[in-house]
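Below you'll find the structure, written out as structure tokens, and then a few comments.
The values are calculated or read from the model by the stated rules, or taken from the named source; none is laboratory data. For clarity, every value in this text was computed on a predicted model and none was experimentally measured. Here the Cβ is made from the backbone with ideal geometry for all residues, glycine too, and neighbour counts use every protein chain on show.
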Amino acid sequence: MARMTFGTETVLRLLTIITLAGLLFSSGLGLTWNQVADSLRKNRFVWLVLANFVLIPALCYLLSRLFRLPTDVAIGMSLLAAAPFAPVVPTFTRLARADMALAGALTGVFPFLSAFVTPTVCEFALKPFLKNEALRFDVVSILVVLVSTTTLPLAAGVTLRHYWPALATLLLKPIQFISEATGAAALAFAIATEFQTIRSITAKALLATLLLSELSFFAGYLLGGPAATARLVAGLGTANRNVALALFVAVQSFPGTPIIGAVVASGLLFILLGLVHVGLWRLLSARKFKDNRDSA
């Protein structure tokens, strides 16, 4: 079975960094600091933190045991379960026409928390699968990568919007296009280099991943706050795990193993299901608008 080489891992990391930074910077270009602060204050942030760092990893462990998944697949899913709020959440939120301020705020804050919490969650979640093996985490490296690719670009975008709103408006769509195109290239590259591993993933493993995604979505949706658009953002963020962070940990701790391919395969399914949720939301919103207009 094919494995990623050092060169391909380096290319994937570079594409991922460009994508992360671009998506978060473009999200920040459409926000203000007041919107970010209000979004965090008005919604159930503490409950979302507990759900993403405790409930979802626990669900992942139970599903892995229930479906008796191979160790590599279980570890790949566990790494994703410990890495909440993918950088694509603001993009999905924009497509769904939901709460962009909340999406940007949560997508900026969660990766920062992940730098400290994810290693601890992984230590507990992976111990049953690794037995006497130890994970090799470099918390400082993870923190530097996450802050530089998510939190700082988001802050830079919001700051630019605050002081130079006209320039922010001018840059918004080109940055979105470049970052989304780079993200598509990174995904295609990961699929090509890990195709053999992805192809070997069983239907049982895919079903377990699908259940994890859907259960995560409903958990986030229920805990997301009073507004429907806020609940959608919380659901999308909880269901769409941070593939870039999970890959970073996998490459660092399990280089040259099928675990990297397992992360890519599960991450692909999370992204596809996220798009399905966005499509269903838009369809239901359109029908609701039509019903309200007809009844007026």
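Quick rundown of the values:
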{"quantity": "Residue match in the range 12-31 (condition: hydrophobic (A, V, I, L, M, F, W, C), in contact with a Phe, Trp or Tyr (Cβ under 8 Å, 6 or more places away or on another chain), at pLDDT 70 or above and in a helix (DSSP H, G or I))", "calculated": "yes"}
{"quantity": "Subset of the range 162-214 (residues that are out of contact with any Gly (no Cβ under 7 Å at 6 or more places or on another chain) and among the charged types (D, E, K, R))", "calculated": "173, 180, 199, 204, 214"}
{"quantity": "Yes/no for residue 114 being at pLDDT 85 or above, of a type outside the set (A, V, I, L, M, F, W, C) and not in a loop (DSSP other than H, G, I, E, B)", "calculated": "no"}
{"quantity": "Residue 103 being modelled with pLDDT under 90, part of a helix (DSSP H, G or I), among the small types (Gly, Ala, Ser) and under 17 Å from the mean Cα position of the chain (by Cα)", "calculated": "yes"}
{"quantity": "Test result for residue 95, over 30 Å from residue 130 (Cβ atoms), touching a residue at least 60 places away in the same chain (Cβ under 8 Å) and not basic (Lys, Arg)", "calculated": "yes"}
{"quantity": "Residue check for residue 41: surrounded by fewer than 21 Cβ atoms within 10 Å (Cβ to Cβ) and not in a helix (DSSP H, G or I)", "calculated": "no"}
{"quantity": "Residue 134 modelled with pLDDT under 85, out of contact with any Asp or Glu (no Cβ under 8 Å at 6 or more places or on another chain) and outside any helix (DSSP H, G or I)", "calculated": "yes"}
{"quantity": "Residues within the range 209-239 that are of a type in the set (A, V, I, L, M), surrounded by fewer than 24 Cβ atoms within 10 Å (Cβ to Cβ) and at pLDDT 90 or above, tallied", "calculated": "5"}
{"quantity": "Those residues of the range 203-251 which are in contact (Cβ under 8 Å) with a residue 60 or more places away in the chain and part of a loop (DSSP other than H, G, I, E, B), in sequence order", "calculated": "224, 225, 227, 240, 241, 242"}
{"quantity": "Condition check for residue 256: farther than 26 Å from residue 110 by Cα and not in a helix (DSSP H, G or I)", "calculated": "yes"}
{"quantity": "Output for the range 184-213, where each listed residue is under 12 Å from residue 270 (Cα atoms) and out of contact with any helix residue (DSSP H, G or I) (no Cβ under 7 Å at 6 or more places or on another chain)", "calculated": "207"}
{"quantity": "Single residue of 31, 66 found to be more than 16 Å from the chain's Cα centre (by Cα), touching a residue at least 12 places away in the same chain (Cβ under 8 Å) and under 22 Å from residue 157 (Cβ atoms)", "calculated": "31"}
{"quantity": "Residues (under 17 Å from residue 273 (Cβ atoms) and surrounded by fewer than 23 Cβ atoms within 10 Å (Cβ to Cβ)) located in the range 194-203", "calculated": "198, 203"}
{"quantity": "Selection within the range 216-241 - among the polar types (S, T, N, Q) and touching a helix residue (DSSP H, G or I) at 6+ places or on another chain (Cβ under 6 Å)", "calculated": "216, 238, 240"}
